[in-house]
Amino acid sequence: MKKTILITGGAGFIGSHVVRRFVNEYPDYTIVNLDALTYAGNLENLKDIEEKPNYIFEKGDITDADFVEKLFQKYPFDGVIHLAAESHVDRSITDPLAFAKTNILGTMILLNAAKDSWKNNFEGKKFYHVSTDEVYGTLGETGLFTEETAYDPNSPYSASKASSDHFVRAYGETYGLPYVVSNCSNNYGPNHFPEKLIPLFINNIINEKPLPVYGDGNYTRDWLFVIDHARAIDLIFHQGKNKETYNIGGFNEWKNIDLVKELCQQMDEKLGREKGTSEKLITFVKDRPGHDLRYAIDATKINQELDWKPSVTFPEGLKKTIDWYFDNQDWLKNVTSGEYQDYYKKQYN
Ligand code: NAD
Ligand code: TYD
């Protein structure tokens, strides 16, 4: 069936994998990628599909209500997959208002445009909000986040995402806008901007720079290969039930310090450096304020209802990721010049 779908944030890390999947898997769909191309957005991420006839790029800001309204007049959207966001916790600590603007106001502007343009005739329409498990706050040493876990965000980033999740639900309850939300654990893989743990450390190991581990490194994250997240988004968009939330996770918990050691070992092999070389770069630095101890997802619902589970094991995914950064050193050089250098100095010096 033909559909026109708006994907926001499609030039970013996860968004680019979602756009690629939809453009390739659904040649009958028209995929419109709306992205402001902030520091995190990069059209290089989509070079391989930019000429496809069912792909359109629109540069624009989701906080610009006029622009968004006109976009909904220009295209007959059947669905929205909303990923555009400010996404990095450390940046949210230094500039929380930017996160409120894009993540809360921007989401509301999209919701409003969808509601107005679909004129309360919501048959066949869907607004899919892509969110994070960080809205649930932190776990102790045991337990898992389920879809019933109460929201308890701790960082300005997670508070802004929690707020946007609530607005999506509010538009569903108040105006009848059909929606679905997913809350996913930490992603990793190709095209990941090197401000996040794994790509930052890959880049620093290549350049023999210190590896800044926050606090004692005894913080746990549940890592999922980005292509498995894109598969889950495809399933949820097509088969997810109206008004439902789906948790997506990797069944793959790692303490930061253990993950960093594993990464160091694989990088030494890849670089032909003596075993233990990269580990010497580990430097324990001042902790992140409000640092959540542990995230881990119970993905039973998506597993049982939509038959999804990760397809890539962590060793495979980490190897694919490392290989990608080695094969795309120009990409890495481009994104780590300019603004990145200022960010890095402020954050780590
Ligand atoms: P990212 O920072 O790599 O990409 C964000 C994209 O949004 C960029 O292309 C950027 O240019 C665009 N953007 C930012 N502000 C915009 C604006 N005002 N208007 C239009 N475009 C704008 O983020 P990501 O890691 O790919 O995350 C994508 C989504 O998935 C986010 O909503 C994030 O909260 C969510 N998420 C991320 C993770 C993760 O591990 N990275 C996990 C779960 C959920
Ligand atoms: P990050 O990749 O920023 O993702 P999130 O904060 O959304 O989980 O961080 C992952 C973990 O790694 C988190 O516990 C913070 C830690 N971390 C470091 O120890 N050093 C770093 O330089 C970064 C960026 C993160």
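The values are calculated or read from the model by the stated rules, or taken from the named source; none is laboratory data. Keep in mind that what you see is a predicted model, and the values were worked out from it rather than measured. In this analysis, Cβ positions are derived from the backbone assuming ideal geometry, glycine residues included, and neighbour counts consider all displayed protein chains. All accessible areas refer to the heavy atoms of the entire protein, side chains included, with ligands and DNA or RNA removed. Shrake-Rupley method; radii C 1.70, N 1.55, O 1.52, S 1.80 Å.
Which one is most open to solvent (accessible area, probe 1.4 Å) among residues in region 191-227 that are within 16 Å of ligand 1 (Cβ to nearest atom) and either touching a Lys or Arg at 6+ places or on another chain (Cβ under 6 Å) or charged (D, E, K, R) (or both)?
K196
Might you let me know whether region 179-190 holds any residue that is out of contact with any Gly (no Cβ under 7 Å at 6 or more places or on another chain), surrounded by 22 or more Cβ atoms within 10 Å (Cβ to Cβ) and not in a strand (DSSP E or B)?
The answer is no; no qualifying residue exists.
To keep it simple, each residue is scored yes or no on (1) part of a helix (DSSP H, G or I); (2) touching a Gly at 6+ places or on another chain (Cβ under 7 Å); (3) more than 16 Å from ligand 2 (Cβ to nearest atom).
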position	(1), (2), (3)
S92	yes, no, no
F99	yes, no, no
L105	yes, no, yes
L110	yes, no, yes
D116	yes, no, yes
K119	no, no, yes
F122	no, yes, yes
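Would you confirm whether any residue within region 149-163 is in a loop (DSSP other than H, G, I, E, B) and buried (at least 20 other Cβ atoms within 10 Å of the Cβ)?
Yes, region 149-163 has at least one match.
Restricting to region 323-349, what's the tally of residues that are over 18 Å from E195 (Cβ atoms) and not acidic (D, E)?
Counting residues in region 323-349 that are over 18 Å from E195 (Cβ atoms) and not acidic (D, E) gives 1.
Name the residues in region 111-129 that are open to solvent by 10 Å² or more (accessible area, probe 1.4 Å) and either within 30 Å of Y295 (Cβ to Cβ) or among the charged types (D, E, K, R) (or both), would you?
Within region 111-129, K115, D116, K119, E123, K125, K126 qualify.
Please find, within region 239-295, the residue that is farthest from the chain's Cα centre (by Cα) out of those that are near ligand 2 (Cβ under 10 Å from one of its atoms), open to solvent by 40 Å² or more (accessible area, probe 1.4 Å) and farther than 20 Å from N203 by Cβ.
D287
K243 versus (1) away from ligand 1 (no atom under 16 Å from the Cβ); (2) out of contact with any Pro (no Cβ under 9 Å at 6 or more places or on another chain); (3) within 30 Å of F22 (Cα to Cα); (4) not polar (S, T, N, Q): which is the lone unmet condition?
If we test K243 against (1) away from ligand 1 (no atom under 16 Å from the Cβ); (2) out of contact with any Pro (no Cβ under 9 Å at 6 or more places or on another chain); (3) within 30 Å of F22 (Cα to Cα); (4) not polar (S, T, N, Q), just (2) comes out false.
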